[in-house]
1. Could you list all residues from region 298-345 that are outside any helix (DSSP H, G or I), β-branched (V, I, T) and within 19 Å of K363 (Cα to Cα)?
2. Looking at (1) out of contact with any Gly (no Cβ under 9 Å at 6 or more places or on another chain); (2) surrounded by 15 or more Cβ atoms within 10 Å (Cβ to Cβ), which one does D239 not meet, given that it meets all the others?
3. Out of (1) in a loop (DSSP other than H, G, I, E, B); (2) crowded, with 20+ Cβ neighbours inside 10 Å; (3) among the small types (G, A, S), the odd one out for S268 is which?
4. Only one of these is within 25 Å of L433 (Cβ to Cβ) and in contact with a strand residue (DSSP E or B) (Cβ under 8 Å, 6 or more places away or on another chain): A320, A244, A251. Name it.
5. Can you find, within region 356-400, the residue that is nearest to S338 (Cα to Cα) among those that are of a type in the set (S, T, Y) and part of a loop (DSSP other than H, G, I, E, B)?
6. Would you check if K147 is within 25 Å of the chain's Cα centre (by Cα) and surrounded by fewer than 23 Cβ atoms within 10 Å (Cβ to Cβ)?
7. Quick one: K432 ticks every box in (1) without any contact (Cβ under 8 Å) to a residue 24 or more places away in the chain; (2) crowded, with 17+ Cβ neighbours inside 10 Å bar one, so which box is it?
Amino acid sequence: MPNSVVIHSKIKKFKKIISVSGDKSISIRWVLFSSLAKGVSKAKNLLLSEDVLAAIKTIRKLGIRSEIKKNECKIYGKGINGYKYKKNLTLNAENSGTLGRLILGLLINSSKPIKLIGDNSLSKRDFKRIADPLTKFGAKFNLKNNKNLPLTIFGSKELKPIKFTEKKGSAQVKSSVIFAGMRTNGLTFIKAKKSRNHTESMSKYLNLPLKVISKKNYDKIYVSKVKKIKNLNYNIPSDISSGAFFMVLTALSENSQLVIKNVNINPSRIGIITILKKMGVKISFQNKKNYKGEKIADIKIKGAKLIKPINCPARLNSSAIDEFLVIWILAAKAKGISYFKNLEELNKKESPRLIWGSRILNKMGVKNIVTKNSIKIYGNPNLKINKKIIIKNYLKDHRVFMTSVIAALSFGGEWSIANPESIKTSFPNFLKLINELKKQ
């Protein structure tokens, strides 16, 4: 099969220290906030993936200058109203749901219509969930099939603050409404189901008019109009979602040990840690510190002799939403049945991930039962694969590719995994790091 990675042997035990790529969620938000700041903002360790580069191209099209040299990116912000809206402007979010949804919140006061497009995968995803609340502010939208990209946004100069309840646990929807509230006179109120809170943390660090009252299952968020954003220099921490693949690989490699340096352990993102601990994996945080509103630490993982099954609490879903595919590879080796529920959001990602998770497990010979929002996995502690497995036609979802690589290295067999270029969206040096672990 052309354009595929072939793996035909399990990884040997390893003891390594690695650094994974910069956090994608923070990288994209840094680009957007810096584009609205007054003056030059600098970032080190910015994730130079296709999603983040799409964000940089987007702000350039809106008249904001940027430079990338070696490990540093500079953005020359022109202030909160510094965007230039040209006639017939088209912005391309490519594969990035975060960029596509967040930028719309910043465009609701545009003086000219703006068309937003994306790649084949993003064009199938739900943008009505963003258009509906932003319409309440006063913007107007034309969407394909009333739901998808391409869409056209018609901004308004007479924006009104809104009250909005976010029920899905979508940080992208919440952040888009926060950005819109920052463009609007008056007080916007959001009652949001718990989800990752990088937008709020960055806003707090920048002393923007945003207040969060945290309750057990939701947050109350109050947003007022922003008049000025100071420049934002940032050393981007490593991405826990990228690190998750190496955590699971280590857990499945008995007698192995791994330290992942300088990882963002924001409490809204560490569902993967809680889940792995419940499944018997030894994980600890070292060198903990606070950095500009985010919590950072080195993560130490040891290979597990016995994987425990888990009835995964649904409250952990939003804080592990991008890691479930690889968590299920761990569940494949658990001694017993693992159950994951209320996960309909997974089928609205780059590919229908519930379906793809089940497909990969089926190919591995692991019994599972999948519904439209749950999966039950019948683990086998003695699982070994001795057959050929082909993974292809998965909408080039980077997490499907990386999960398949981890499964191949953990359980054996001969795997042919198509579209390795998919990792460019989030983790371009994934295979390079895998090869480092394979070197003894």
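The values are calculated or read from the model by the stated rules, or taken from the named source; none is laboratory data. Quick caveat: nothing in here was measured; it's all calculated off a predicted structure. Cβ placement follows ideal geometry from the backbone for every residue including glycine, while neighbour counts extend to all protein chains displayed.
1. Selection gives I337 alone.
2. All conditions are met except number (1).
3. (2)
4. Being within 25 Å of L433 (Cβ to Cβ) and in contact with a strand residue (DSSP E or B) (Cβ under 8 Å, 6 or more places away or on another chain) holds for just one of A320, A244, A251, which is A251.
5. Narrowing region 356-400 to residues of a type in the set (S, T, Y): 358, 371, 374, 378, 394.
From what is left, the residues that are part of a loop (DSSP other than H, G, I, E, B) are 371, 374, 394.
Details: T371: 14, S374: 11, Y394: 24 Å.
Of everything passing the filter in region 356-400, S374 is nearest to S338 (Cα to Cα).
6. Values: within 25 Å of the chain's Cα centre (by Cα): yes; surrounded by fewer than 23 Cβ atoms within 10 Å (Cβ to Cβ): yes.
Yes; evaluated as a whole, the condition is true for this residue.
7. Tallying (1) without any contact (Cβ under 8 Å) to a residue 24 or more places away in the chain; (2) crowded, with 17+ Cβ neighbours inside 10 Å, K432 fails exactly one: (2).
Table: residues versus (1) in the same structural domain as F127 (by TED's automatic domain parsing); (2) under 26 Å from the mean Cα position of the chain (by Cα); (3) farther than 26 Å from A304 by Cα.
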position: W328; (1), (2), (3): no, yes, no
position: A332; (1), (2), (3): no, yes, no
position: K335; (1), (2), (3): no, no, no
position: E345; (1), (2), (3): no, yes, yes
position: L354; (1), (2), (3): no, yes, no
position: S358; (1), (2), (3): no, yes, no
position: K372; (1), (2), (3): no, yes, yes
position: I391; (1), (2), (3): no, yes, yes
